[in-house]
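The structure under discussion appears below in the form of structure tokens.
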Amino acid sequence: MADPASTPRAWHTQPNTRPLSGALRIPGDKSVSHRAVMFAALAHGTSHVKGFLEAEDTRATARVMQQLGVDISTPAYGERVIHGVGLNGLHASELPLDCGNSGTAMRLLSGVLSGQAFASTLIGDDSLSTRPMQRVAQPLREMGADIQLSATGTSPIQIRPVQQLRGIRYEAQVASAQVKSALLLAGLYAEGETEVIEVAPTRDYTETMLAAMGAEIAFKPGYARIRGGVPLKATNVDVPGDFSSAAFSLVAALLVPGSHVRLQAVGMHPRRTGLLDVLRMMGAKIEVVPVSGGGECCDIEIHASPLHGIDVPEVHVPDMIDEFPILFVAAACAKGITRVRGAAELRVKESDRIAKMAEGLRTLGIRVDETADGADIHGGTLHAGVVHSGGDHRIAMAFAIAGLVASAPLKICDVANVETSYPGFASAMASLGADIASA
């Protein structure tokens, strides 16, 4: 855990008077890091994870698995060795399982713990405790799980043991990789097969990793089916750079005049990179360069580019749901109006991201017209001001980038939460020439 005394509470930014330049290696993918540790814990044998994201969210997942009796060691920074205990080798914890700020940990663990022979309680921080959990509890109950939520449908989540889960066919009403993953993980413990049909395709990290570990699973975009009772086998995982984290320096390089930046070894999963397509539609000069032997990893080369507003195609929304805060900043600096629709999910993330981004951009002089599922952002000039992240790491980083191209200094409050996903963000940006100072 980060030292509270050394964690900044606010940032001050100055308008960048020089281009951003250089190469930057992005920290490990958060989604893959969560799953690698969790799934390896449920496998038989020892797994070695390299490139593990050393952030509060992913460390929370590792701590929870340790509470459940899994031996996890850290031979070096960014590495974990997990001695798996098998599907039925977890043990009850005397204390609640604290997921911190991580919705991924809480929702996926709900699936895992629904199939255990012991009771568990999942808790989180103030932000996570406001996020909706009924969307995962309801289908797990259909599988026979005994799950209780708070009166408002949030955590704490209390899970009691049942004799046997049963496989179901579930047609999801929300495009959520977390809900899908929770059901597939519960399906490992269920009798028969569990099928998930999605309203729109979401990222398939869970399916791909479970298949690599020997699960009997079939999947294609928008559909997954898993058979229960099949053991998992240990496997080694190399975690790629996190595209969602790369998005901030990517947009910064587009917006700061004269910039030329190369982002190294970034994961380019097609269900994660919708932002690239949208930025290119807005006029961005972005080149993706495959890395030899890197699988889905690529370098991304960015040249500063004038952007223009567009109507963001709704088909891209599920593939860039975590990138909308920084897209709002790009839209604020673009010529014309950028219209976003079909993004109601943004209102139930770490914060109401539509409302918080609109509030902050208005503070800086940008007109934003909100809708129930999106917004119209009118491009203009960002002015000086004080903005608040609302306890949301991606909003904090998005406004730090806005500060680089504002007409005067900005102050971004409540930035300690950035430790949940991108520790060292300010120093990484400084290595490219950005002026972001801790306060």
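Quick notes
- Relative contact order, whole percent, for segment 30-238 stands at 21, derived from Cα pairs under 8 Å and 6 or more residues apart.
- Centroid-to-centroid separation of segment 391-424 and segment 71-117 [C-alpha atoms, Å]: 30
- Additional length obtainable on full extension of the chain from Glu191 to Arg25, 0.36 nm per residue less Cα span: 55.4 nm
- Fraction of antiparallel bridges per DSSP, segment 151-261 only, in percent to nearest 5: 65
- Looking at the chain alone, DSSP beta bridges between its own residues are antiparallel in about 70 percent of cases.
- Around the amide H of Arg25, modelled in the peptide plane, lie the amide H atoms of Gln264, all under 5 Å away and 5 or more residues distant in sequence or on another chain.
- Rounded to 5, the percent of DSSP beta bridges in segment 285-427 classed as antiparallel: 70
- Computed over segment 30-238, the quotient of the alpha carbon radius of gyration and 2.2 N^0.38 Å is 0.92.
- Computed magnitude of the charge dipole of segment 30-238 (debye, nearest 20; Cβ of K, R +1, Cβ of D, E -1): 260
- Measuring between alpha carbons in the structure, the pairs from Lys50/Lys411; Lys349/Lys411; Lys30/Lys335; Lys30/Lys220; Lys220/Lys356; Lys180/Lys335 lying more than 30 angstrom apart are Lys50/Lys411; Lys30/Lys335; Lys220/Lys356; Lys180/Lys335.
- Working from label points 7 Å from Cα in the Cα-to-Cβ sense, the Asp146 to Asp373 distance is 3.9 nm.
- Relative exposure of Cys413, Cys99, judged by other C-beta atoms within 10 Å (fewest first): Cys413, Cys99
- The chain: most fluctuating residue of Asp242, Asp311, Asp98 per GNM, C-alpha cutoff 10 Å: Asp311
- Neighbour-count order for Ile168, Ile401, fewest beta carbons within 10 angstrom listed first: Ile168, Ile401
- Calculated FRET efficiency for the pair Ala117/Asn236, C-beta based, R₀ 30 Å, to 0.05: 0.55
- Calculated SAXS-style log₁₀ I(q)/I(0) at q = 0.09, 0.18 Å⁻¹ - segment 220-352, Debye, Cα scatterers: -0.32, -1.04
- Amide H contacts of Asp392 (H built 1.01 Å from N, in plane; Pro and chain starts excluded): no residue 5 or more places away or on another chain comes under 5 Å.
- Taking label points 7 Å from Cα along the Cα-to-Cβ direction, Glu171 and Ala437 give a separation of 5.9 nm.
- Taking the fewest neighbouring Cβ atoms within 10 Å as the starting point, the ordered list for Lys335, Lys411 is Lys335, Lys411.
- Karplus 3J(HN,Hα) series, Hz, for segment 44-56 with 6.51 cos²θ - 1.76 cosθ + 1.60 (x for Gly, Pro): 8, x, 10, 10, 10, 10, 10, x, 4, 6, 8, 10, 4
- Ordering Met38, Ser150, Leu24 by Cα displacement along the dipole of the chain toward the positive end leaves Leu24 in first place; charges were set at the Cβ atoms of Lys, Arg (+1) and Asp, Glu (-1).
- Just checking the listed ones, Thr202, Thr338, Thr381: in the Gaussian network model of the chain with Cα springs under 10 Å, the one fluctuating most is Thr381.
- The orientation-averaged shadow of the Cα convex hull for segment 309-410, equal to a quarter of the hull surface, comes to 5.3 nm².
- Normalising the average separation of contacting C-alpha pairs (under 8 angstrom, six or more residues apart) by the number of residues puts the relative contact order of the chain at 19 percent.
- For the peptides 49-56, 26-33, 365-372, 231-238, the ranking by mean Cβ contacts within 10 Å, running from highest to lowest, is 26-33, 49-56, 231-238, 365-372.
- Candidates per GluC sites (Glu not before Pro) in segment 69-147, loop by DSSP, up to 10 other Cβ within 10 Å: Glu94
Read-outs throughout are calculated quantities, based only on the coordinates presented, and are distinct from any laboratory measurement. None of these values were measured; they are calculated from a predicted model. For neighbour counting, all protein chains shown are included, and Cβ atoms are generated from backbone atoms with ideal geometry for every residue, glycine included.
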